[in-house]
């Protein structure tokens, strides 16, 4: 091996050693840039040295040739760099960090969710069903004022506010259905899709007979403020009997929920889960043209708080009972004007009632419901779980 061959090989060995000293896995953008810079520096240095050697080698060979009058080598005689000299960058060297959008670039704007009352009333929509089932809620056209019939839902008011994760406004609608003396209410959110069609996003405020939505307005920062009442005065009842609260609702990033304001009517420290159960009445034999039987009424406080004062009302079954009449107590555990004392969390109380019916009576069904009121007034205290506030029991002969 000539002296110049040895110099070239030594240079290439130094290059390989420098490349091997760089970690093969680079943990971040800054490290990637450092690695690329280092390898480029090594490559430049190596190629510079090789270039100098490649130029010097023919000259030295020419000078040492006894026939030194020969001309310099032609380009075809130049040494071709080996593959290692033209190393292809590794994948980590070609990583491009994510770039921020240019000043002129902008993301596509979200759909415009501002829908007027007239626009909403001109399309077919879906929304959650009302408990009564009285008004259709699938592919229906909402009325924009109170209809004459009781089978069509209508929109009392719309407000425009942000109700999702984008920056555009959506439309909250106060939707009503009147199956009886007072309307049931819910608040539904509508938006537009990319094609401009009106779509339903969801229900912001669910129907609740103990928290009737009477009005809505836009909430600062997104969402709505709902004016709710514990009752709706009608049929000669004074509006002063209603209690009103301002409750705030909106999108929390995962779902619609109440964001602020009171959550129950009455003393929050007395809001608890009261449950009522009643055994069936099994009638005894006929005596003096009457039959009697008993039922056991039980109220249990499932917690988490002590209850307010409470009472159980029984709906007379004179219309539901077939044949004859029935004498059933109207109240158990006091009355609506003189309730029973509070029940501690976890406690329960039972009372036996007697039912008397005519001998011609066959059977019937009675509904029992438990209600709680304040310690010092007759204002109702909401129950967080209303499903078990009511139950039915049968009056039967066997």
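A few comments on the model shown:
- Scanning segment 323-353 for residues that are at negative phi and part of a strand (DSSP E or B) yields a total of 12.
- Just one of (1) part of a loop (DSSP other than H, G, I, E, B); (2) surrounded by 15 or more Cβ atoms within 10 Å (Cβ to Cβ); (3) touching a helix residue (DSSP H, G or I) at 6+ places or on another chain (Cβ under 8 Å) fails for residue 233. It is (2).
- Members of segment 164-181 that are in a loop (DSSP other than H, G, I, E, B) and buried (at least 16 other Cβ atoms within 10 Å of the Cβ): 164, 168, 169, 178
For every residue, the table says whether it meets (1) under 26 Å from residue 374 (Cα atoms); (2) crowded, with 20+ Cβ neighbours inside 10 Å; (3) within 36 Å of the chain's Cα centre (by Cα).
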| site | (1), (2), (3) |
| --- | --- |
| 259 | yes, no, yes |
| 265 | yes, yes, yes |
| 276 | yes, yes, yes |
| 283 | no, yes, no |
| 291 | no, yes, no |
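- Matching residues in segment 116-125 - criterion: being within 16 Å of residue 187 (Cα to Cα) and surrounded by 13 or more Cβ atoms within 10 Å (Cβ to Cβ): 117, 120, 121, 125
- Only a single criterion out of (1) part of a loop (DSSP other than H, G, I, E, B); (2) farther than 21 Å from residue 363 by Cα is not satisfied by residue 310, namely (1).
- Some residue of segment 315-322 being in a loop (DSSP other than H, G, I, E, B) and without any contact (Cβ under 8 Å) to a residue 12 or more places away in the chain: yes
- A count restricted to segment 382-398 and to residues that are at pLDDT below 95 and not in a strand (DSSP E or B) stands at 8.
- A single entry from 295, 338, 330 fulfils the requirement of being buried (at least 20 other Cβ atoms within 10 Å of the Cβ) and more than 35 Å from the chain's Cα centre (by Cα): 295.
- Residue within segment 289-300 that is more than 22 Å from residue 395 (Cβ to Cβ) and either in the same structural domain as residue 167 (by TED's automatic domain parsing) or in a loop (DSSP other than H, G, I, E, B) (or both) present: no
- Residue within segment 156-163 that is assigned to a loop (DSSP other than H, G, I, E, B) and under 23 Å from residue 259 (Cβ atoms) present: yes
- Being assigned by TED's automatic domain parsing to the domain that holds residue 282, under 30 Å from residue 208 (Cβ atoms) and crowded, with 18+ Cβ neighbours inside 10 Å holds for only one residue in 386, 381, and it is 381.
Okay, residues lined up against (1) modelled with pLDDT under 95; (2) over 21 Å from residue 175 (Cβ atoms); (3) surrounded by fewer than 13 Cβ atoms within 10 Å (Cβ to Cβ); (4) not assigned by TED's automatic domain parsing to the domain that holds residue 303:
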{"position": "198", "(1), (2), (3), (4)": "no, no, no, yes"}
{"position": "204", "(1), (2), (3), (4)": "no, no, no, yes"}
{"position": "211", "(1), (2), (3), (4)": "yes, no, no, yes"}
{"position": "221", "(1), (2), (3), (4)": "yes, yes, yes, yes"}
{"position": "224", "(1), (2), (3), (4)": "no, no, no, yes"}
{"position": "228", "(1), (2), (3), (4)": "no, no, no, yes"}
{"position": "245", "(1), (2), (3), (4)": "no, no, no, yes"}
{"position": "253", "(1), (2), (3), (4)": "yes, yes, yes, yes"}
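- Test: residue in segment 143-152 that is modelled with pLDDT of 50 or more, over 25 Å from the mean Cα position of the chain (by Cα) and in a strand (DSSP E or B): yes
- Segment 341-361, residues that are crowded, with 16+ Cβ neighbours inside 10 Å and under 39 Å from the mean Cα position of the chain (by Cα): 342, 343
- Residues satisfying the stated conditions in segment 123-142, i.e. touching a strand residue (DSSP E or B) at 6+ places or on another chain (Cβ under 8 Å), over 21 Å from residue 255 (Cα atoms) and outside any strand (DSSP E or B): 123, 131, 132, 134, 135, 139, 142
The values are calculated or read from the model by the stated rules, or taken from the named source; none is laboratory data. Remember, it's a predicted structure, so these values are computed and weren't measured experimentally. Note that each Cβ is placed from the backbone with ideal geometry, even for glycine, and that neighbours are counted across all protein chains shown.
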